[in-house]
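Q: Before I ask anything, here is the structure I am working with.
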Amino acid sequence: MKPVFTIAQRELRSYFASPIGWIVMATFMAFVGYFFWAAIALAGIGEMRMWFSNTTIILIILLPALTMRLFAEERQRGTIEVLMTSPVTDTQAVLGKYFGALAFYALMLVLTIQFPVTIARLGTPDRGPFYSGYLGMLLFGGTFLAVGLLISTMTKSQVVAYVGTMFVLLFLWLLSWAGSGDAWWQTLLQYISVPSHLDAYAKGLIDTRDLFFYLSFIGGMLFLTVRALSAWKWR
Amino acid sequence: MVEVKGLTKYYGEYAAIEDVSFRVEPGEILGFLGPNAAGKTTTMRIIAGFMPPTSGTATVSGIDVVRDSVAARRKLGYLPEQVPLYDDMSVREYLTFWAQLRGVPRSSVPTRVEKVMNDTRVTEYADALILKLSKGFRQRVGIAQALVHDPELLILDEPTVGLDPRQIVEVRELIRGLSGAHTVILSTHILPEVQVVCDRIVIINEGRIAAIDTPEALTARIQKTHEVRMEVRGPAQEVSAALREIKGVISVRADEGAEGAKRYIVEVERDKDIREAAAAAVVKKGWGLRELSTVAMSLEDVYIQLTTGPEGDDQRSLGDGGPAIPARRDTATQDVSSGEEVVSE
């Protein structure tokens, strides 16, 4: 587990040492701040539900920028050769990178805690949906990061990794539209679309089926990433 | 320390290396010499555990690099051809990261990092971002990275590429200084490098091993004959005839010399020394002997012989005792610092 921590720590620090981390953080805060202001001041909605679902759209654009460099940059710089010849298993390397990105994203979410705190000061809202909503956001973003990590192993180019990840995330998001119906295939689409599982969390509901979906989605993506990394070496 | 047996690696249909076998003894510096695309990098990557071979085995301290990859990797430090640096870290952060990742005990990480920065002489830039370093310093930080956990085996892929002559000498001294305590495998296509640095040489060409031996033995093995160069003032025909009569002389070639003297290249059987006899013969006739020296065949000649196909030109192939090789030069004039003597492709 120690190598995972060492790699995650380096990744996290690297976000702060490069402009990309700050750009993602600043853009995120600007947009989510606007969403919050629009909801509270313009529409007078004293809850976070709308804010959570708006924020997911920004994540489609911003999270690929966090994951694009994870493996693509290592491949392009040649550092992957040293990483993979250090006493670190492929799984440890993948987990280290994943948790590094996840930690940065979690930090982004922590900075938004001012919003529910503001609402709580203005009135006496039910706090449950805040907690569950944040858990949902963490899992939701976690799936996006796992997709981005996988795509980052497939190319040397960070631009390709970014664009590719964004398209896949957009596709996963749009699946929920086609899934709005009662036919069996629509139910299936609804199930595999990532955002559809977020609604319950935003409402204050922690459904084990949704939790299972997110965790197995993340686990599956990380497994594929490990396989992709090994396959790349074997080729 | 390292044992490689029948290593073969295919990239699709293309065989990068075929049936490569050799051993590296503990404390030895082994030079991997060959033209570009000969399979040097592929072999080193396999030993370093970066990718598995198609067939064959490689062991580091008896540990199989495929079956027990992580354990084998603990024993080694690797510097790839493309120097692997994280530009957004400082030198100290970078080396600390690798030391931690490779299991240096937490309490001794700072000491190890200090020591390795000292050894590779990058201490003055310890807190500078790697992004800002010059090519020479980047290379040294790369070597420091491979050394930071004090591995038994060091694998260095073209460690002096892109350095200026003074830096090349420094890096070679650094590598030389590692022998004994560390086992080193280094690759290069620069001939003086292996001659100066390595205890043994593996010459690899088109994915196959062409020769393995010490630099001296390699030169001697191929060299069926050696040459004596003489400059004599006297009638050319008679001088040639007189030299030819000496026992052990195979042939005599005459060139123009200075001030009416002629230069003679005398080809002699390998273990014969004709210098005294030749001098006596010239002096007896009353001719003027102005120069007499032996010409050693350089490793470069050996290398070109081994890495050039027999159909290439009139160079003889290994051991058929044919005519002398045209490209021939004196080893004594081979300057260590003239690093960029690239003989490749």
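Q: If you take the residues in the range B:64-87 that are in a helix (DSSP H, G or I) and more than 8 Å from every other protein chain (Cβ to nearest Cβ), which one is farthest from the chain's Cα centre (by Cα)?
A: Here the answer is B:S69.
Yes/no matrix, rows are residues, columns are (1) aliphatic (A, V, I, L, M); (2) touching a residue at least 40 places away in the same chain (Cβ under 8 Å):
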position	(1), (2)
B:K5	no, yes
B:A15	yes, yes
B:E28	no, yes
B:P35	no, yes
B:D68	no, no
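Q: If I go through the range B:179-219 residue by residue, how many of them are surrounded by fewer than 18 Cβ atoms within 10 Å (Cβ to Cβ), in contact (Cβ under 8 Å) with a residue 12 or more places away in the chain and outside any loop (DSSP other than H, G, I, E, B)?
A: Going through the range B:179-219 one residue at a time, the tally reaches 4.
Q: Residues B:V141, B:V169, B:V113, B:V148: which one is touching a Ser or Thr at 6+ places or on another chain (Cβ under 6 Å) and under 20 Å from B:M89 (Cα atoms)?
A: B:V113
Q: Considering only the range A:74-112, state which residues are modelled with pLDDT of 95 or more, more than 22 Å from A:R227 (Cβ to Cβ) and hydroxyl-bearing (S, T, Y).
A: Within the range A:74-112, A:Y105 is the sole residue that qualifies.
Q: Next question, about the same structure. State the number of residues belonging to the range A:178-209 that are assigned to a helix (DSSP H, G or I) and either without any contact (Cβ under 8 Å) to a residue 24 or more places away in the chain or within 14 Å of chain B (Cβ to nearest Cβ) (or both).
A: Final tally of qualifying residues: 13.
Q: Can you tell me which residue among B:D119, B:D127, B:D87, B:D150 is touching a Leu at 6+ places or on another chain (Cβ under 6 Å), acidic (D, E) and in contact (Cβ under 8 Å) with a residue 24 or more places away in the chain?
A: Checking each option against the conditions leaves just B:D87.
The values are calculated or read from the model by the stated rules, or taken from the named source; none is laboratory data. None of these values were measured; they are calculated from a predicted model. Quick reminder, even Gly has a Cβ in these numbers, built from the backbone with ideal geometry, and neighbours come from all protein chains shown.
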